[in-house]
1. Would you mind checking LYS6/LYS66; LYS2/LYS162; LYS250/LYS379 for any pair whose Cα atoms are more than 25 angstrom apart?
2. Would you please calculate the Kirkwood hydrodynamic radius of the chain over all C-alpha pairs and express it in Å, rounded to one decimal?
3. Would you please give the residues with an amide H less than 5 Å from that of ILE119, counting only those at least 5 places away or on a separate chain, with H modeled from the backbone geometry?
4. When DSSP assigns beta bridges and you keep just the ones with both residues in the chain, what percent turn out antiparallel, to the nearest 5?
5. Explain nothing, just the number: dipole magnitude of segment 3-242 about its Cα centre with +1 on each Lys and Arg Cβ and -1 on each Asp and Glu Cβ, in debye rounded to the nearest 20.
6. Determine the sum of side-chain charges near THR194: Lys and Arg each +1, Asp and Glu each -1, restricted to other residues whose C-beta is under 13 angstrom from that of THR194.
7. What value does segment 198-286 have for Rg/Rh, both radii from Cα atoms and Rh as Kirkwood defines it?
8. Can you spot the aspartates and glutamates whose alpha carbon is less than 20 Å from LYS243's alpha carbon? Ignore those fewer than 8 places along the same chain.
Amino acid sequence: MKFDTKVIHAAIKPDTDTGSIVTPIHQTATYVMEKVGQDKGYDYTRSANPTREIMEDHLAALDNGKYGIAFSSGMAAIDSCLKLLKSGDHVICSDDVYGGTYRLFDQLLVNYGIRFSFIDTSFPDQVEKAITSDTRMIWAETPTNPLLKITDLNAISLIAKKNNLIFAVDSTFSTPVFLRPLEFDVDLVMHSTTKYITGHSQLIGGIVITNRKDLANKLRFAQKTIGAVPSPIDCWLTLLGVKTLDVRMKKHEENAIKIAEFLDSHPKVSTLTYPGLPSHPMYDVAKEQMSGFSGMISLELKGGIPAGEKFLNSVKLALLAESLGSVETMVLHPASMTHGDVPKEYRLTHGLSDGLVRISVGIENVDDIINDFKQALDKV
Ligand SMILES: Cc1ncc(COP(=O)(O)O)c(C=O)c1O
């Protein structure tokens, strides 16, 4: 089955009881048992729910994975992956990651004895150098949030295998339309389904996908034991949203390429980052391992912080909002919003300036988006 057929049909089948074309919402906490010790495969929704199972199987299939384990947020999904580790273990993490991931690792999990090295995973030799006898996991985002750095999955997979490390990839920005990390021997793929997968800013959710039964069993145990599970109605909304993932992503990308080219040549823009422009330092790797470059752009304006703020406050069609991957074009200021809890000194030494602007390109008519950015830049 081709991907654009799979995204509609992989695990979504008409309901066998009624023929309902839309998956039923099993909005229940519990299930009546037939007798002591005998149920119909479900006992309590924290452990399993039919709507959630279809959603998990469907998203797993899109990433060419065997097992999908869903969580109530992307952060809960990440936290559960880290629950595979124990006190004393060491993790190598991309130095540019979503601010919430950095906060979880650097400000919470360190209290439980897990140690982190934040390394630019675009450079495999730096990753290799950072490995110690306690290293158990490599956590990479590709493209990263917000600097859109690209990790060479083949290169890092080899290092992970050689050193017996779990290689986990946050693929939220790529989506399975453009990148399927399991095909590069990655162990765990994680998505914040809040973003492109559901696509309409309608819910918060996360999923981890793997082909490794041992890891799937442990994650399933964490899922039911910790209980950070998505509600049945959120699973149902995910199933509705994901059916258009393929068409949405192609339009996000088509728009993003035109907008990146427009902004790159604008006299008020000083730096522009988009993995689909040959000027991106990892353009060749991105082109090789992704079938498209997605819809995220980062830029800095001449005039630094005040210019960036003026631009963000002047857009009219685009929305100034946290999050990304929705049908609407959204802009944000990472330093005060998504990465507000990342210490300033860390941000600045890792290239995340106070003037940085991040754009999540929507699927509106591209001329309308460009005209909006034009009028906002005129005010800068
Ligand atoms: C790349 C990335 N990973 C993970 C997350 C966390 O996901 P959630 O907000 O669904 O908890 C985000 C949120 O913005 C993100 O951008």
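1. Table pairs above 25 Å Cα-Cα are LYS2/LYS162; LYS250/LYS379.
2. Taking every pair of different Cα atoms in the chain, averaging 1/r and inverting gives 21.3 Å.
3. The list, which skips near neighbours in sequence, is CYS93, SER94, ASP95.
4. Of the beta bridges lying entirely in the chain, close to 55 percent run antiparallel.
5. The calculated dipole for segment 3-242 is roughly 460 debye.
6. Computed value for this residue: -2.
7. 1.14
8. Within the straight-line limit of under 20 Å, LYS243 reaches these aspartates and glutamates: ASP4, ASP15, GLU53, GLU56, ASP57, ASP63, ASP234, GLU253, GLU254, GLU328, GLU364.
Each value in this text was obtained by applying a stated rule to the coordinates, not by laboratory testing. Note that the coordinates shown come from a computational prediction; the quantities given were computed from them, not determined experimentally. Cβ coordinates were reconstructed from backbone atoms using ideal geometry, including for glycine residues, and neighbour counts include every protein chain displayed.
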